[in-house]
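Asker: Before I ask anything, here is the structure I am working with.
The values are calculated or read from the model by the stated rules, or taken from the named source; none is laboratory data. The structure displayed is predicted, hence computed values, not measured ones. Here the Cβ positions follow ideal geometry from the backbone for every residue, glycine too, while neighbour counts run over all protein chains shown. Keep in mind that these areas ignore ligands, DNA and RNA; they rest on the heavy atoms of the full protein, side chains included. Shrake-Rupley method; radii C 1.70, N 1.55, O 1.52, S 1.80 Å.
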Amino acid sequence: MAAFFKSVFINKTNSISVTCFHCGDICGDLIVSVDEHNFCCSGCKQVYLLLNENNLCNYYDLDKNPGLKAKGKFVSERYAYLDDEATIQKLIQFSSDEQVNVTFSIPQMHCSSCIYLLENLHRIEPGVKQSQVNFQQKEVFIIFNPKEASLRKVVELLAFIGYEPYISLKDTVTKKTSLFNRKQIYKIGVAGFCFSNIMMLSFPEYLSSGFIDEAGLKETFSWFIFGLSLPVLFFSSADIFVSAWKGLRQRFLNIDAPIALAIIVTFVRSYYEIITGTGAGYLDSGSGIVFFMLIGRWFQNKTYDSFSFDRDYLSYFPLGVTVVRNGAEKNIPVTKLEKSERIIIHNEEMIPADAVLMKGLANIDYSFVSGENAAVEKKKGELIYAGGKQIGSAIELEVIKEVSQSYITQLWNNDIFSNKKNEEKSFIHPWSKYFTYALFAIAIATVVFWYFTDAAKIFPAVTAVLIVACPCSLLLSATFTYGNMLRVFGRNKLYLKNASVIESLAKINTIVFDKTGTITQSHAAAVDYEGLPLSDHEKAIIRTISKQSSHPLSKVICNSIPESPEKLINLKEFQEFAGKGLQAVADNTYVKMGSSSFVKNNIPVFTQDTGTAVHVLMDNVHMGTYRVKNQYRMGLKEMISNLDRKGFGLYVLSGDNNLEKENLVNIFGINTNINFHQSPQQKLDYVKHLQKNNRQVLMLGDGLNDAGALMQSNVGIAVSENSAQFSPASDAILDGSKVSMLDKFISFARSGKTIVMASFILSILYNIVGLSFAVQGLLSPMVAAILMPASSISIVLFVSLYSSFIARKKGL
Amino acid sequence: MSAFFILIGFSILVAGTFLAAFLFSVKKGQFDDDYTPSIRMLFDEPEKTKATSTKSVKTITQTKK
């Protein structure tokens, strides 16, 4: 904590921030220099030296600061289990006397430098013969000579340079996906081959103006074509038929049904013509349809993958955790947490990953996971699951499994907390059911019409109709729009529980603000102490106690006392009373800190926060008071005036006393309703009251005290300062530094509906135009086969680009 | 015109060979990763001259001692 504080201080005075040449982190007060480069720690320096020695400094040229921070103390005992023969057998793919093949998953690789380094391992470790990276799967395939290097040595090397492999002793699933992709490519290859050769052999048919009437030539070609078309019908288009058949069995006509019908019609008709000799058939068209459809789908899947909005390893998750590195404590975002790191969890903080208890008394509340409110005591060495919350003094844990953001998000969306207001809605528009029926109706009408008008046009018209119609926007636009919007929000540090929160956010017309911690900042607050002078020991006691709590006032007081080199304070019976204060027995001194009523006679008073005054009581002697000056977040005034202009109803509910009224009126204007001395229950009632008047309420608060009100409001946003306080009652988590962008967020959410509507109209237009050409027989079935996947790709692209464009316009 | 039969037959044979080669290469996994090769081709060859020059420097210092 102190090192971090010091580095901030140094940076401010020198105003030069030195970044590490290897990993790009800002170097603290400890700067290691070698060869005119600066490094943040000896770990980064050692990796640099290793690369330099082996002429691999190209690593630094390919990408800026590509390195991954080494873990400091390198504990080589960690990989001792890799010496065990049975374990080795589970992990490797092949082994002989001279060669061992193994594939490792390295999720940390993120750039071309990583590929460069991982493929040049043989230059660092001669035992490694060859290594090949598959960047998309984030895997590296290594061949090494077991006589010169062992599996353990290879893994230790990887960990040393910062690319620790993710070793799981369970079966990998990646093999299945690559086999699936191969099958698709086989089908496309065969279809392409047959299609192009059929076209070539159809030339006589195209050019038959009398030149080629050598008997038998045309017929022979027809039979060649017939033969070539069989693999297309039975192999390449098999998936389409299977999918249509599956849908049919469930009495449901899916998108593949009309396409399957079109293919069958074309091929059957052509075979009939060839066999009876009445014509040449349409197999060039038919195989073309299959080929283009398959290519279209393959391309579609690639596009979807690149626009995919899974919140992955690197995306922002507003959870911070205190980690112990090199003996110093540091607060880092949870995404940077790695296995076997030591973390410190304070009172009311959530444990972000499965971990083992190392130090301290653990009292874990699993209500977030299981709904059980009773806290469970855990002893040293016991496993504590992610999602549990610590009640009591700080504990130290060793992380044994990586943080799974999807798991935490899943818990968040858990039934226990949903009060049905923001359920995940299915994005399949109700109209899609009728789409296929309508399409078949049009097809039948076309057949009937042409049968009586010009029978020759029946076939091209009907097949074109069946193929060109695309219900894509019904299925895709909402999903991709909201998915992209979630990503944009996430980039701007507003993390939504799920996509339906966007729709709720768009409907908001009233905003309720909490004061402390939401519109005030806890970091840069000015703290004054008034009272009896405190000895260093007493200050250390206050610091230790306030450190246990994540309340903004506790943090501020803790930061204001410099860390002393004194021995550790023995802390017992720590308890935090939400909204009132803290109490503990430290070094046999009974200490109470908090609001005046709490400290003096412990009568529960409805004062929400401890006000701006924190009183300190030691062994029943009133030592003094910490006065905390509120500092309001930047940009607040402008945002409030924007919101006011747009007609939002604005309210402030504070548990504090009304000393701040003047400052608040200054920011919010005279018309805003500002209420003080609000208890959590009063805040909840206030929101209910607003909702009764048909207001759609957005509440911004901190997760702890405002949980009830947050859950009650239509959208509840918990403001976080990168702490490990996770509030499941909220629908969204917003980083404190971005609170002043609230008006932009709401405006962006409102535009979401516009985007979906626009793509919907676009798709309907496409269908109308396409079908109008198709029914007239003017659209060749092959062209229709190209248009259909093209239209779904274009809808996805349109929706994603448009929403990104609007995001940029709104300043997000 | 009967040459056509032979020509067409032969061309389909050749095309078929290419198809077989394609299917074979897919089976061998050459198309599994279509992204990394594009990065890999941009890497430079390791500089062999630097290695030899450091070696010669080393020998010089050794003789000096």
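Asker: Using a Cα-Cα cut-off of under 12 Å, which aspartates and glutamates could be cross-linked to A:Lys380, ignoring same-chain neighbours fewer than 8 residues away?
Answerer: Cross-link targets: A:Glu396, A:Glu398.
Asker: Follow-up. Could you run the Karplus curve 6.51 cos²θ - 1.76 cosθ + 1.60 with θ = phi - 60° over the stretch A:501-510 and give me ³J(HN,Hα) per residue in whole Hz, x for Gly and Pro?
Answerer: 5, 4, 5, 5, 4, 5, 8, 5, 10, 9
Asker: With the convex hull built on the Cα atoms of the stretch A:465-521, state its orientation-averaged projected area in nm².
Answerer: Details: hull surface 23.9 nm².
The number I arrive at for the stretch A:465-521 is 6.0 nm².
Asker: Return the tail of the calculated pair distribution for the stretch A:610-684, meaning the percent of Cα-Cα pairs more than 22 Å apart.
Answerer: On the way: 1074 of 2775 pairs.
Here the long-distance tail beyond 22 Å is 39 percent of all Cα pairs in the stretch A:610-684.
Asker: Step through the residues of the stretch A:244-260 one at a time and calculate ³J(HN,Hα) from phi using the Karplus curve (6.51 cos²θ - 1.76 cosθ + 1.60, θ = phi - 60°), rounding each to whole Hz and writing x for Gly and Pro.
Answerer: Values per residue, Gly and Pro as x: 5, 5, 4, x, 5, 4, 8, 6, 9, 8, 8, 4, 6, 4, x, 5, 4 Hz.
Asker: Something else about it: Going by amide H atoms built from the backbone, whose H comes under 5 Å of the H on A:Tyr590, apart from near neighbours?
Answerer: Long-range HN contacts for A:Tyr590: A:Asp619.
Asker: Step through the residues of the stretch A:620-633 one at a time and calculate ³J(HN,Hα) from phi using the Karplus curve (6.51 cos²θ - 1.76 cosθ + 1.60, θ = phi - 60°), rounding each to whole Hz and writing x for Gly and Pro.
Answerer: Using θ = phi - 60°, the values come out as 6, 10, 6, 6, x, 9, 9, 9, 10, 8, 6, 10, 8, 5 Hz.
Asker: Ok, one more. If R₀ is 56 angstrom, what is the calculated FRET efficiency for the pair A:Asp84 and A:Asp536, using the beta carbon separation as r and rounding to 0.05?
Answerer: Values: r = 51 Å, r/R0 = 0.92.
E(calc), rounded to 0.05, equals 0.65.
Asker: Another question, if that's okay. In nanometres, what is the gap between the two model label sites at A:Thr276 and A:Asp63, each 7 Å from Cα along Cα-to-Cβ?
Answerer: Between A:Thr276 and A:Asp63, the simple spin-label model gives 6.4 nm.
Asker: Would you mind checking A:Lys336/A:Lys744; A:Lys497/A:Lys637; A:Lys330/A:Lys359; A:Lys90/A:Lys378; A:Lys555/A:Lys738 for any pair whose Cα atoms are more than 25 angstrom apart?
Answerer: On the way: A:Lys336/A:Lys744 29 Å; A:Lys497/A:Lys637 28 Å; A:Lys330/A:Lys359 18 Å; A:Lys90/A:Lys378 33 Å; A:Lys555/A:Lys738 20 Å.
Going by Cα-Cα distance, A:Lys336/A:Lys744; A:Lys497/A:Lys637; A:Lys90/A:Lys378 fall outside the 25 Å limit.
Asker: Another question, then. Inside 10 Å of the C-beta atoms of A:708-719, what's the mean count of C-beta atoms belonging to other chains? Walk me through the intermediate numbers first.
Answerer: Details: counts 0, 0, 0, 0, 0, 0, 0, 0, 0, 0, 0, 0.
Other-chain Cβ atoms within 10 Å of each residue's Cβ, averaged: 0.
Asker: Using label points projected 7 Å from each Cα along Cα→Cβ, tell me how many nm separate A:Lys380 and B:Glu45, to one decimal.
Answerer: Result for the modelled spin labels: 6.0 nm.
Asker: While we're here: Probe radius 1.4 Å, ligands and nucleic acids left out: which of A:Val100, B:Val14 has the largest accessible area, and how do the rest follow? Numbers along the way, then the final one.
Answerer: Values: A:Val100 10, B:Val14 60 Å².
The ordering from most to least exposed comes out as B:Val14, A:Val100.
Asker: Next question, about the same structure. Round to the nearest 10 and report in Å² the accessible area of A:Leu700, as given by a 1.4 Å probe over the protein chains' heavy atoms.
Answerer: 0 Å²
Asker: Mean shadow of the stretch A:701-804, computed from the convex hull of its alpha carbons, in nm²?
Answerer: Working: hull surface 37.5 nm².
The Cα convex hull of the stretch A:701-804, projected and averaged over all directions, gives 9.4 nm².
Asker: Here's something else I'd like to know. Report, by chain and number, residues whose modeled amide H sits under 5 Å from the one on A:Gln130, excluding near sequence neighbours (fewer than 5 apart, same chain).
Answerer: Here A:Ile143 satisfy the definition.
Asker: Within 10 Å of each Cβ in peptide B:3-16, how many partner chain Cβ atoms are there on average? Round it to a whole number, please. It would help to have the intermediate numbers written out before the result.
Answerer: On the way: counts 0, 6, 5, 0, 0, 7, 2, 0, 3, 7, 0, 0, 5, 2.
Neighbouring Cβ atoms belonging to other protein chains average 3 per residue here.
Asker: According to a simple spin-label model (label point 7 Å from Cα along Cα-to-Cβ), what is the distance in nm between A:Tyr451 and A:Asp619?
Answerer: Going from the A:Asp619 label point to the A:Tyr451 one covers 10.5 nm.
Asker: To the nearest whole number, what is the average tally of beta carbon atoms from other chains within 10 Å of the beta carbons of peptide B:34-46? The partial results should precede the final answer.
Answerer: Details: counts 3, 6, 9, 2, 2, 10, 7, 0, 4, 7, 4, 0, 6.
That average works out to 5.
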